[in-house]
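Have a look at the structure below before the remarks.
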Amino acid sequence: MRFKVSIIGRPNVGKSTLFNRLAGRKLALVDDTPGVTRDRRVHPAKLFDLRFDVIDTAGLEDAAASSLEGRMRAQTETAIDEADLVLFLIDARTGLMPDDRTFAEVVRRTGKPVVLVANKAETRGAQGGMLEGWELGLGEPIPISAEHGEGMPDLREAIIEALGEERTLGDDEEEAAAVAATDVLIGEDIDDPDAETVPEYDATKPLRIAVVGRPNAGKSTLINTLLGEERLLTGPEAGITRDSISVDWDWRGRRIKLFDTAGMRRKARVQEKLEKLSVADGLRAIRFAEVVVIVFDATIPFEKQDLQIADLIIREGRAPVLAFNKWDLIENRQELLAELREKTERLLPQVRGLQAVPVSAETGRGLDKLMEAIEKTHRVWNRRVSTGKLNRWLEGVLAHHPPPAVAGRRLKIKYITQAKTRPPGFVLSCSRPDAMPQSYIRYLVNGLRETFEMPGVPIRMALRAPDNPFANKAKKRR
């Protein structure tokens, strides 16, 4: 059975660096600025032969409960409650600070097993700061360097001693295999394009959903309302979320992994290094997701940045869904809804038929319809059409509207086949692919979208010239 370990401490002691070390990947943002981490993040971790879940938390600060720092502390306290073991980090370079003593008392009152960790112990003069840790009454400080990986064997021994061998060294192979099975490939090739029987959509597979948008559009509030708990930090301040946080959830018996991302401002306005890291983390979440929910603020929709985010998602080949949030603040709802749908068709023609749902993250209105739209779009994104059906359709298209002549020579189209799904990708065999007008390719794509019911997802079309068996042979002399 897996156990949970929560990493806590005051700001800038190296919690996220240790989290990344245990997770084996650079998941959490790391910067010299104190208070980078705000939400709690959970990820499977490995420390030699130990397998467990590790929780990264915000730095503990003494502040009013209503303030941003106070809400961050509440998230950390929740992480302590969820954990089986607490790793209490102190900075061995600076020694004990007043906040260390205050929060050590908080941890002691929880009654949870605690391992005191003195980070940054590789630096000169760190021995004195590490020895000060004895004053906290939490046992022997374990000197480590999270950045360089020093002291990890001692940390392993301390975890085993705190929780016992039976709890920490149990057989976890089946659980690890279950986790590996959830890693779904993106952009799958089709095994047999000529097969007439098309496999059914598998509604039991886990689904990855990223939630993106401009700052303060209500992304974290939307996820909290879906989960039914205050899982992510929210508030009136813009730009609260910094890391891309993944959360597991069950919807109608289906496993869902939700990714909350940092708000994306215009590139010219992103100056600070930390914000650049946050945006880059959000872009990675988009590439990792299958469906991407773009949250628009319904009171100021279709800003230039909204359209740029949507265009990025379409170019990445993800399945987009629009959520017009803050619908509870709108008065003329029917009139605005008609206007928004007209603008969606006009401003995003490359994904004609895009699913757009008005929601209120604050009240929960429209969230069931949003999830239904997400599943519908995911079905289309995975849609597969047999080669036979495609070529029967192509035959009718060519008879009704053949490709135009270019430089006095008519373009010939041989056949079409679907080579990929996620998103649907087609290969068109034709003479002179470089001469085919873009307008005719758009005509074919729109025809595919309408005939085979593929609204609201990107469709890829690759043009190929048929193989010429005589192309590389020298002409015979007479």
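Looking across S67, S145, one residue alone is modelled with pLDDT under 90 and outside the structural domain of R231 (by TED's automatic domain parsing). It is S67. Right, G35: part of a loop (DSSP other than H, G, I, E, B) and either modelled with pLDDT of 85 or more or touching a helix residue (DSSP H, G or I) at 6+ places or on another chain (Cβ under 7 Å) (or both) or not? Spelling it out, it is not the case that G35 is part of a loop (DSSP other than H, G, I, E, B) and either modelled with pLDDT of 85 or more or touching a helix residue (DSSP H, G or I) at 6+ places or on another chain (Cβ under 7 Å) (or both).
Got at least one residue in the stretch 288-300 being within 15 Å of the chain's Cα centre (by Cα), at pLDDT 85 or above and part of a helix (DSSP H, G or I)? Yes, because at least one residue in the stretch 288-300 is within 15 Å of the chain's Cα centre (by Cα), at pLDDT 85 or above and part of a helix (DSSP H, G or I).
Per the conditions (1) modelled with pLDDT of 85 or more; (2) within 25 Å of the chain's Cα centre (by Cα), the sole criterion not satisfied by L232 is (1). State whether the residues of the stretch 413-430 include one that is farther than 25 Å from D192 by Cβ and either assigned by TED's automatic domain parsing to the domain that holds P349 or in a loop (DSSP other than H, G, I, E, B) (or both). No. Please work out if N468 is exposed (fewer than 12 other Cβ atoms within 10 Å of the Cβ) and either modelled with pLDDT under 95 or in a helix (DSSP H, G or I) (or both). Yes, satisfied. Filtered by the rule that a residue be at pLDDT below 90 and either among the aromatic types (F, W, Y) or in contact with a Phe, Trp or Tyr (Cβ under 6 Å, 6 or more places away or on another chain) (or both), the stretch 83-106 gives a lone residue, F103.
Here D100 meets the list (1) touching a strand residue (DSSP E or B) at 6+ places or on another chain (Cβ under 7 Å); (2) more than 28 Å from T241 (Cα to Cα); (3) in a helix (DSSP H, G or I); (4) among the acidic types (D, E) almost entirely, failing just condition (2).
Just checking, does the stretch 423-433 include any residue being surrounded by 14 or more Cβ atoms within 10 Å (Cβ to Cβ) and touching a Pro at 6+ places or on another chain (Cβ under 6 Å)? Checked the stretch 423-433: at least one residue is surrounded by 14 or more Cβ atoms within 10 Å (Cβ to Cβ) and touching a Pro at 6+ places or on another chain (Cβ under 6 Å).
The lone criterion from (1) surrounded by fewer than 16 Cβ atoms within 10 Å (Cβ to Cβ); (2) not in a strand (DSSP E or B) left unmet by G447 is number (1).
The values are calculated or read from the model by the stated rules, or taken from the named source; none is laboratory data. Because the structure is predicted, anything quoted here is derived from the model rather than measured. Every residue, glycine among them, receives a Cβ derived from its backbone with ideal geometry; neighbour counts consider all protein chains shown.
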